[in-house]
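The block underneath contains the structure these notes are about, expressed in structure tokens.
Quick note: the coordinates plus some simple rules give every number you see, no bench work behind them. Note that the coordinates shown come from a computational prediction; the quantities given were computed from them, not determined experimentally. Reconstructed Cβ throughout: ideal geometry from the backbone, glycine too, with neighbour counts over all protein chains shown.
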Amino acid sequence: MFTVLVVDDSSFMRKRLKSLLEEAGYKVVATARDGKEGYDMYKKHRPDMVIMDVTMRGVNGIAAAKMIKEEDPDARILFMSLVNDPEVIREAEELGSLGFIEKKDHRRLFDIMDYEYLQR
């Protein structure tokens, strides 16, 4: 089963994404409310993919992704955020992320998820 870690500071978004992903047949192994917790959960669960918000208190998504990539250069990280800053998007791309999509773009989320699942 394709496993996912959801990292977002909004409890509503964590619950919403978890529900959507599980309804689509993916297994959410953990959720995290900030980048530090996301990094810890990544090390513990080693999911197939991380869906990461960018703006969070404490360790933000970009910093957390860097930490995860240092731990596992092959980690698959997809940024899902309301932020539409070209500089942040560039940073995400330089990290080798799978993409950067808006939180409301669930169709694109599942297109990427399905593609990554098939590549596994």
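Let me know the whole percent of all Cα-Cα pairs from region 3-119 that are separated by more than 21 Å.
Above the 21 Å cut-off, region 3-119 has 26 percent of its Cα pairs.
From Cα pairs below 8 angstrom and at least 6 apart in sequence, can you work out the relative contact order of region 3-119, rounded to a whole percent? Walk me through the numbers on the way to the answer.
On the way: 185 pairs, mean separation 24.5, N = 117.
It comes to 21 percent, rounded to a whole number.
Under unit Cβ charges (Lys, Arg +1; Asp, Glu -1), what dipole magnitude, rounded to 20 debye, does region 16-93 have relative to its Cα centre? Working shown, then result.
Values: 13 positive and 15 negative charges, 56 e Å.
In total the dipole reaches around 260 debye.
Check the straight Cα-Cα distances from LYS43 and name the lysines below 24 Å, setting aside those fewer than 8 residues away within the same chain.
In chain and number order, the partners are LYS15, LYS18, LYS27, LYS66, LYS69.
Using the Kirkwood radius over C-alpha pairs as Rh, can you work out the diffusion coefficient of region 1-47 via Stokes-Einstein at 20 °C, viscosity 1.002 mPa s, in µm² per second?
On the way: Rh = 10.5 Å.
D, rounded to a whole number, is 204 µm²/s.
Find out how many positive minus negative residues lie around ALA32, taking Lys and Arg as positive, Asp and Glu as negative, among other residues whose Cβ is under 12 Å from that of ALA32.
Numbers: positive: ARG14, LYS18, ARG33, LYS36, LYS43, LYS44; negative: ASP8, ASP9, ASP34, GLU37, ASP40, ASP53.
Value of the local net charge: 0.
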